[in-house]
Amino acid sequence: MDLPATAESLREYRRGGVQALAAGGLLTALGVGVGVLSGLDGGWSRSVTSVIVGLGLTALCAGSFSWPMARRFRRVLGARAWSAHAAVAVADDWKGETVVLAAPDGEERWTLRVIASRTRWTPVRPVAPGVLWWCGDPRVGGVLALPGGGPLFWARPLRGEAVRRRVLDHAEGAGLSALEVPDPPDHRAASLAFPAAPPAEVAAARRKELRRRLTGRWRWVVLPFAVVLALAWNWIGAADADPQTDLTVVSEEADGDCVVRWKDPWDGRERTGPFACDPTRDPLLVGSWETAFVVSYGPWKGDLYGYVGERRVGSDPDGTVGALATVGFFGVLGGLAVGWWSFWHRRGALRRAAPTGVVPREPQEAVGS
């Protein structure tokens, strides 16, 4: 904590938590306000309220998580010193990020799971064998950072012998053993107040990784929601073209429950099934004839529905289609918003990286160890 870069990184992490809490509280209040004003008298208002409140609660949870993590950072960083380690990062799109550190003696290997979002970790993780700073106990957990300081990341021991062996094999194959043991940080040196520029080949690999990730993974979130929205939109339009057909009543109960036979409008086959006949229709038609509409879209195609007064009877996919349209719309909207933010965040990280590495800040006088 005596290093200015470390102290500033911790303050930045805390500011991020405060911003998440503020945004979560604002969104939750906005969602509750929309629900109160609309009276929750329709499916759309309930869906909008649920989405806004859900986003707000998610942001509140993220902000709340950052407070105990910041205290953990300060406790570890205030009790221990940084140590430099040869490191190899292993990325897995679905299982998270891991890193392998070589112990100071150069023989032991520490396999650690990085507890951080990809948005924060990707711009700083070594995409080739390099050096990371570590502060903590590898048997319990600790803090990772770039040499000299920068964003702080919590890492804990990787569980599972099979997973550890696979990650270690990957790290050795990437050349971890060939790296020299880095010199330990000199906490009295003023150069520790800013991160040093990485080697040109490491910086080039990092820029290549950032360019590859500019498109992000959010397109794979937008795509399925867009398909759901397109299907729901098509089904909503197709409902107006549902054909009407005549039914032959095979049997009928006094309450209107009946069994009917009709000809399928598409393949011409005769079909038989249950239906809810109108018990108030003309007595001449009771037990012989009825009329209904046939659903012409989706998995409900061929199902019958009709109306008894103002009440719809039979198949009623409108509620499901409306829910799919709502989910698809807000899924596309949320995916585009977060994907756009992620794109600009990664683009900014790429723009800040010089062709030969990260441009170092002006050195500051470091505080004593």
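The values are calculated or read from the model by the stated rules, or taken from the named source; none is laboratory data. For clarity, every value in this text was computed on a predicted model and none was experimentally measured. Positions of Cβ are generated from backbone atoms using ideal geometry, with glycine treated the same way; all protein chains shown enter the neighbour counts.
Observations
- For segment 70-90, a tally of residues being surrounded by fewer than 17 Cβ atoms within 10 Å (Cβ to Cβ), hydrophobic (A, V, I, L, M, F, W, C) and not in a loop (DSSP other than H, G, I, E, B) returns 1.
- Among residues of segment 143-156 that are of a type in the set (Val, Ile, Thr), those with a Cβ under 7 angstrom from a residue that is at pLDDT 85 or above and in a loop (DSSP other than H, G, I, E, B), sequence gap 6+ or separate chain, pair up as Val143/Leu152.
- Checked against (1) over 28 Å from the mean Cα position of the chain (by Cα); (2) within 24 Å of Ser9 (Cβ to Cβ), Arg109 passes all but condition (2).
- Residues that are touching a residue at least 60 places away in the same chain (Cβ under 8 Å), over 23 Å from Trp67 (Cβ atoms), crowded, with 17+ Cβ neighbours inside 10 Å and under 29 Å from the mean Cα position of the chain (by Cα) do occur in segment 93-103, at least one of them.
- Criterion: modelled with pLDDT under 80, at negative phi and either exposed (fewer than 14 other Cβ atoms within 10 Å of the Cβ) or not assigned by TED's automatic domain parsing to the domain that holds Ser50 (or both) - qualifying residue of Asp278, Asp246: Asp278
- Asp2 passes every criterion in (1) at pLDDT 80 or above; (2) not in a helix (DSSP H, G or I) apart from (1).
- Test: residue in segment 113-125 that is out of contact with any Asp or Glu (no Cβ under 8 Å at 6 or more places or on another chain) and at pLDDT 85 or above: yes
- Any hit, segment 155-169, residues being assigned to a strand (DSSP E or B) and either crowded, with 22+ Cβ neighbours inside 10 Å or not basic (Lys, Arg) (or both): yes
- Residue check, Val332 under 19 Å from the mean Cα position of the chain (by Cα), at pLDDT 80 or above and surrounded by fewer than 19 Cβ atoms within 10 Å (Cβ to Cβ): no
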